[in-house]
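Have a look at the structure below, then the notes.
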Amino acid sequence: MTRRAPSDEDDSARAGELGLRKIIHVDMDAFFASVEQRDNPELKGKPVAVGGAGGRGVVAAASYEARKFGVRSAMPSVTAQRLCPDLVFVRPRFDAYKEASRQIRRVFEHYTSVIEPLSLDEAYLDVTDDRLGIGSATRIATLIRQEIRAKTRLTASAGVSYNKFLAKLASDQNKPDGMCIIRPGEGAQFVAGLPIRRFHGVGPKAEEKMRALGIATGADLAAKDIAFLRQHFGSMADYLFRAARGIDLRPVAAHRIRKSVGGERTFSQDIGSGSMLRETLENIIDIVWERIEAAEARGRTVTLKLKFTDFQIMTRATSLPDFVGGKDEFGKLARALLEAELPLRGPIRLMGLTLSGLEGAETSAREAIDTAQLSLL
């Protein structure tokens, strides 16, 4: 008897038998910069940074042409300009980005109602029971990418798998304008070959610590038992243990309640001097306030987060009886929180800032606004 190759329908049937889901993670390619290049033909093919140039300006997004020079989001603009002398800066146009995001959201809704937006430019979709009865997650992802291109003239990358962790890894695998499928039974093998830095939550310091323990890849991580991981990584151990095996039981949360707008920055080198801390805070204020404006959110509470080199976390917050009035007041409150703690007891590896107690984030959920904490680096 001749055995036929397994089809996508076979994979779908197997997933159903195992109680697995069909998850797509869609991530737009260099979204802000791509919108600018689409709307201004003179920018096509050029290294573009969305953000403020010079001084205390910060890169909010970079085109792929700029990324080739090492330009990244949350990078000080002066650093970006030094890396790429021909870099073209454009001011953010959040109305244009939100309109494009609304168009993309309508494409998603054509295929499923189970959508978990992560930001303006990415979302999880559960298509286990898709609206059109297509049945194949791979086919749906292909159609979504085609429809997005046709309606917005923008490109999207997609990851298709049976859980959120794998789908998100897959969407980054063939960027830009690519797709990757991780089928049932392939997750552990796929993860085994990845460098540990690809795991969400593993920053430069955690990577350094893991390498010192002989962990460089997913396979190395999977070889460590849970007792070892708990000894060395504490509360992160359970996540690492599951992730190394391609396991993620989280559902796509279509009605996730969003509670804050924020950002946090992990440093390549620890910082402790007052001047560097203040400069870093200014960069984060700029980035986070842009996110707040994009979300059209108003909030009462500003929270400063500091993570020390020993991984201990300190948070300090202040709340107002009414909503924060604007960027100036937001910045003033954030600076006061930092100044009250200076000098710090030691260097830090991460600084974060959030606005919570929101009014408006819930109404922006359908626009795929990022109201969870956004990792800036």
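In this entry, A60 passes the filter for residues that are surrounded by 21 or more Cβ atoms within 10 Å (Cβ to Cβ) and aliphatic (A, V, I, L, M).
Going through (1) out of contact with any Lys or Arg (no Cβ under 9 Å at 6 or more places or on another chain); (2) modelled with pLDDT of 95 or more one by one, E208 falls short only on (2).
Scanning segment 229-262 for residues that are within 30 Å of A297 (Cα to Cα), modelled with pLDDT of 85 or more and not hydrophobic (A, V, I, L, M, F, W, C), we see that the one that is surrounded by the most Cβ atoms within 10 Å (Cβ to Cβ) is G262. S119 meets the conditions (1) in contact (Cβ under 8 Å) with a residue 24 or more places away in the chain; (2) within 17 Å of the chain's Cα centre (by Cα); (3) loosely packed, with under 15 Cβ neighbours inside 10 Å in every case but one. The failed one is (3). Scanning segment 138-183 for residues that are in contact with a Cys (Cβ under 9 Å, 6 or more places away or on another chain), outside any strand (DSSP E or B) and not hydrophobic (A, V, I, L, M, F, W, C) gives S171, D172, Q173, N174. Residues of segment 36-64 that are closer than 20 Å to S171 by Cα and either in a helix (DSSP H, G or I) or of a type in the set (V, I, T) (or both): Y64 alone. If you go through segment 192-228 and keep only what is surrounded by 18 or more Cβ atoms within 10 Å (Cβ to Cβ), aliphatic (A, V, I, L, M) and over 14 Å from R245 (Cα atoms), you end up with V202, A206, M210, I215.
The values are calculated or read from the model by the stated rules, or taken from the named source; none is laboratory data. Small disclaimer: the values here were computed from a predicted structure and weren't measured. Every residue, glycine as well, gets a Cβ built from its backbone with ideal geometry; the counts of neighbours run over all protein chains shown.
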